[in-house]
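Participant: The structure under discussion is supplied below as structure tokens; questions concerning it will follow.
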Amino acid sequence: FGSSRFGAFPQEVESAEAFALEIYPTTNIMDALNSLLAGTSYLGSESSVTLEDYKKCKELTGTAIDAKKFPHAARWFNHVSVLMEKYPTVDYRGNAVPKGKAPAVGGAAAKEQPKGKEEKKKEEQPKKKEDQQPKKKEEQKKKEEPKKKDEEKKKELSPEEERKAKLKKVVKEGGKRGVEIEGAADMGGLQFFCTAVDEPQGDVELLVESMKAMNVKSDPTEEERKGGSGHIGKMIFSAGTEQLGIVAYVPEAKQGDLSCEEWLKTTLALFNGTFLSGAKDISTGCVKTDADKGIFPLKIREAMIVEANNFLRKLGLFPEDDGDDDDEMVFGDDDFPSM
């Protein structure tokens with residue numbers, strides 16, 4: 001990124017558009033930023049806020065970002081604005097906020113050299129159908145080859161290998177979400193957190209592994225931090241076709257304030273869910289899909305997150321709702337879109 005690529009909206013729209021075209025030649029500036037943040041939480045690093053994020057956030061100050069049209073950009077801007085105000089130079093641990101680096105998005109689009117008149121004339125001339133056919137077939141073949149290779153790989157994997165590959169994805173997602181939970185909870189002073197994950201796809205055993213990945217002790221020396229939210233109580237949800245899997249976790253330090261089993265059982269009761277296992281630290285349950293009763297995992301997930309939060313409110317363990325539905329602390333897919 002250039003030192004002043006964004007400029008100040010709307011006075012320097014031309015420089016902003018130049019930045020957008022440099023990264024995504026066919027989109028405008030906010031589309032580019034939103035697309036960039038769809039797959040990462042921050043601009044300068046995958047795992048933590050950086051001075052690169054602060055710089056770009058300052059340049060966007062005063063800009064009205066449409067949260068519905070650009071959810072990822074809005075989420076990033078709101079999150080980084082709070083961190084920038086609270087931790088301008090060092091994080092809550094006292095460590096210096098890293099400088100960060102511009103994200104690699106394939107580089108700027110190559111600039112084409114001006115074409116001569118003869119070249120333009122050749123391009124403008126309609127191509128013969130005979131010339132176009134081999135090219136189309138070649139392009140189609142190139143598109144189909146990766147799909148065939150992926151299908152062959154899937155066929156070759158045994159059930160045990162598929163489960164292992166799935167577990168790897170679950171742990172990766174859980175580790176990343178743990179870092180995000182740690183930052184968001186510390187920023188808001190939260191002791192407990194409710195969110196959703198995708199990879200377990202309703203499988204309760206995999207959802208437990210996701211929780212473990214969130215709670216693993218984070219190594220500050222690692223370039224890409226993982227976990228780090230073991231001190232925060234959590235209830236996580238994962239929707240599959242057959243059921244909504246739910247796992248509750250209460251750290252030892254907070255077990256005197258909250259019963260893990262009671263918290264989960266109360267949440268499950270909203271849709272007559274099944275309590276599977278219970279302990280002081282981790283409890284599990286699920287709600288089966290029931291088309292006749294209109295119970296579908298994705299449909300009921302947010303209502304159950306709200307129910308879990310309301311139980312915490314009654315015990316004084318979660319901020320009171322101020323009456324604005326948009327401010328309900330419901331965190332889920334696409335990197336906490338409702339935040």
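The values are calculated or read from the model by the stated rules, or taken from the named source; none is laboratory data. Keep in mind it's a predicted model, so treat the numbers as computed, not measured. Cβ: placed from backbone, ideal geometry, glycine included. Neighbour counts: every protein chain shown. Areas reflect the complete protein model, heavy atoms only, side chains present, ligands, DNA and RNA absent. Shrake-Rupley method; radii C 1.70, N 1.55, O 1.52, S 1.80 Å.
Participant: I'd like to compare 220-226, 306-312: which one has the highest average count of other Cβ atoms within 10 Å, and what's the full order after that? Provide the component values of the computation, followed by the final result.
Facilitator: Numbers: 220-226: 12.3, 306-312: 20.0.
Those peptides, ordered most packed to least, come out 306-312, 220-226.
Participant: Specify, per residue and in Å³, the volume enclosed by the convex hull of the alpha carbon atoms belonging to region 174-231. If you can, show how the numbers build up before the last one.
Facilitator: Details: hull volume 4.6 nm³, N = 58.
Once divided by residue count, the hull of region 174-231 is 79 Å³.
Participant: Using a probe radius of 1.4 Å on heavy atoms only, what accessible surface per residue do you get for region 221-277? Whole Å² is fine. If you can, show how the numbers build up before the last one.
Facilitator: Values: 2580 Å² over 57 residues.
Result: 45 Å² per residue.
Participant: Once each part is reduced to its C-alpha centroid, what is the distance from region 49-65 to region 217-238 in angstrom?
Facilitator: Here the two parts' Cα centres lie 25 Å apart.
Participant: I've got another one for you. Mean separation of Cα pairs under 8 Å and 6+ residues apart, divided by the residue count of region 192-308: what relative contact order is that in percent?
Facilitator: Details: 240 pairs, mean separation 28.4, N = 117.
Answer for region 192-308 is 24 percent.
Participant: At 0.36 nm per residue, and after removing the present C-alpha to C-alpha distance, how many nm does the segment from Lys142 to Arg313 gain when stretched out fully?
Facilitator: Working: separation 171, 0.36 × 171 = 61.56 nm, distance 5.58 nm.
That pair, Lys142 and Arg313, stretches by 56.0 nm at full extension.
Participant: Hey, another quick one. Which links in Lys176/Lys288; Lys172/Lys280; Lys99/Lys147; Lys99/Lys169 stretch past 31 Å when you go from one Cα to the other?
Facilitator: Values: Lys176/Lys288 28 Å; Lys172/Lys280 26 Å; Lys99/Lys147 39 Å; Lys99/Lys169 29 Å.
Where the Cα-Cα span goes over 31 Å, the pairs concerned are Lys99/Lys147.
Participant: Would you mind counting up the charge near Asp281? Only other residues with Cβ under 12 Å from its Cβ, with Lys and Arg at +1 and Asp and Glu at -1.
Facilitator: Numbers: positive: Lys212, Lys234, Lys254, Lys280; negative: Glu252, Glu261.
Every neighbour counted, the sum reads +2.
Participant: Here's another thing I want to ask about it. Would you please put 72-80, 206-214, 275-283, 289-297 in order of how densely packed they are, using the mean number of other Cβ atoms within 10 angstrom per residue and starting with the highest? Walk me through the numbers before you get to the answer.
Facilitator: Working: 72-80: 21.1, 206-214: 23.4, 275-283: 15.6, 289-297: 12.6.
Sorting 72-80, 206-214, 275-283, 289-297 by mean packing, highest first, produces 206-214, 72-80, 275-283, 289-297.
Participant: Rounded if a/c is under 1.5, else prolate if a/b is larger than b/c, else oblate: which is region 45-89, with a ≥ b ≥ c the root eigenvalues of its Cα gyration tensor? Mind dumping the intermediate values first?
Facilitator: Working: a/c = 2.09, a/b = 1.51, b/c = 1.38.
Cα axes put region 45-89 in the prolate bin.
Participant: Could I ask something else about it? Mean projection of the alpha-carbon convex hull of region 138-276 over all orientations, in nm²? Write out the running numbers ahead of the final one.
Facilitator: Values: hull surface 48.5 nm².
Approximately 12.1 nm², given one-decimal rounding.
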